[in-house]
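Notes follow once the structure below has been shown.
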Amino acid sequence: MGDYPFFPVFVDLSGKRILVFGAGKIAHRRISVLCQFTPELAVIAPDCLPEVEELAKEGRIRLIKKPYEESDLEGADFVLAATNDHAVNDLIYEACKKRNITVNVSTDRSKSDFYFPGIARKGNIVVGVTASGKDHAGAGRVSELMREMLEKI
């Protein structure tokens, strides 16, 4: 990683196979946001929070309750490795790099092709905020300010 901040890019997720590995607190936050942008979200985890189970019951995600296997990556376009196990996240990262799959590792910013931004959204207006993985609290404050601003329009 260089000294430059990441360039913001907005991506059409239509028809993309997006996998989230993990269903704990961090994964849940990311899953909840991603659900707003794609119906093609699969979550793979042996255990999950009740909130993630509820998203599956509502049909907003496809939940597969099992441990990670490299074969799960077949056909994936974007992967978020957000398990509570650093070793598993590292395995997912290595397998994605071998397969040229864009990956984000929640436990190691140096192993992320993209950062998961703070999101402020109202209708089709979407604001993404990042501090290039270096100031989560600051990015969170700015995201909240953006949400407040969007409510005023």
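The values are calculated or read from the model by the stated rules, or taken from the named source; none is laboratory data. Everything numeric in this text was worked out from a predicted model, so none of it was measured. Cβ coordinates were reconstructed from backbone atoms using ideal geometry, including for glycine residues, and neighbour counts include every protein chain displayed. Please note that ligands, DNA and RNA were not included when accessible areas were found on the heavy atoms of the full protein model with its side chains. Shrake-Rupley method; radii C 1.70, N 1.55, O 1.52, S 1.80 Å.
I'd like to check something: does the range 24-33 contain any residue that is touching a residue at least 60 places away in the same chain (Cβ under 8 Å) and either over 16 Å from N104 (Cβ atoms) or among the polar types (S, T, N, Q) (or both)? So that I can check it myself, show each step before the final result.
Narrowing the range 24-33 to residues touching a residue at least 60 places away in the same chain (Cβ under 8 Å): 24, 26-27, 30, 33.
Filter again for either over 16 Å from N104 (Cβ atoms) or among the polar types (S, T, N, Q) (or both), leaving none.
No, there is no match, as no residue in the range 24-33 is touching a residue at least 60 places away in the same chain (Cβ under 8 Å) and either over 16 Å from N104 (Cβ atoms) or among the polar types (S, T, N, Q) (or both).
Taking the criterion of being open to solvent by less than 60 Å² (accessible area, probe 1.4 Å), outside any loop (DSSP other than H, G, I, E, B) and within 22 Å of A95 (Cα to Cα), would at least one residue in the range 31-41 satisfy it? Full working, then the answer.
The initial filter retains those residues of the range 31-41 that are open to solvent by less than 60 Å² (accessible area, probe 1.4 Å), namely 31-35, 38, 41.
Add one more test, that the residue is outside any loop (DSSP other than H, G, I, E, B), and what stays is 31-34, 41.
Filter once more, keeping what is within 22 Å of A95 (Cα to Cα): 31, 41.
Yes - at least one qualifying residue is present in the range 31-41.
Among the listed residues K111, K134, which satisfies the condition of being among the basic types (K, R), buried (at least 17 other Cβ atoms within 10 Å of the Cβ) and out of contact with any Ser or Thr (no Cβ under 7 Å at 6 or more places or on another chain)?
On the way: K134 fails: buried (at least 17 other Cβ atoms within 10 Å of the Cβ).
After applying the criteria, what remains is K111.
Sort through I92, I101 and tell me the only one that's in contact with an Asp or Glu (Cβ under 8 Å, 6 or more places away or on another chain), modelled with pLDDT of 95 or more, open to solvent by less than 50 Å² (accessible area, probe 1.4 Å) and closer than 15 Å to L19 by Cα.
Values: I92 fails: in contact with an Asp or Glu (Cβ under 8 Å, 6 or more places away or on another chain).
Residue meeting the stated conditions: I101.
Among what's in the range 104-128 and is closer than 18 Å to C35 by Cα and aliphatic (A, V, I, L, M), pick the residue that is farthest from the chain's Cα centre (by Cα).
The residue in question is I125.
For I26, are the conditions met, namely being in a helix (DSSP H, G or I), at pLDDT below 95 and either aliphatic (A, V, I, L, M) or under 15 Å from the mean Cα position of the chain (by Cα) (or both)? Before the answer, list the steps.
Details: in a helix (DSSP H, G or I): yes; at pLDDT below 95: yes; either aliphatic (A, V, I, L, M) or under 15 Å from the mean Cα position of the chain (by Cα) (or both): yes.
Taking the combined requirement at face value, the residue satisfies it.
So V142 clears everything in (1) open to solvent by 50 Å² or more (accessible area, probe 1.4 Å); (2) more than 30 Å from E69 (Cα to Cα); (3) of a type outside the set (S, T, Y); (4) under 14 Å from the mean Cα position of the chain (by Cα) except one condition, right? Which one?
It is condition (4) that V142 fails.
Is it true that some residue in the range 63-70 is modelled with pLDDT of 95 or more and touching a Cys at 6+ places or on another chain (Cβ under 9 Å)? Reasoning before the result, please.
Step one: filter the range 63-70 for residues modelled with pLDDT of 95 or more, giving 63-70.
From what is left, the residues that are touching a Cys at 6+ places or on another chain (Cβ under 9 Å) are 63, 65.
Yes: one or more hits.
Of everything in the range 107-130, what is within 27 Å of A95 (Cα to Cα) and either of a type in the set (K, R) or in contact (Cβ under 8 Å) with a residue 12 or more places away in the chain (or both)? Give them in sequence order.
Residues of the range 107-130 that are within 27 Å of A95 (Cα to Cα), as a first pass: 107-118, 130.
Correct list: T107, D108, R109, S110, K111, S112, F114, Y115, F116, P117, G118, T130.
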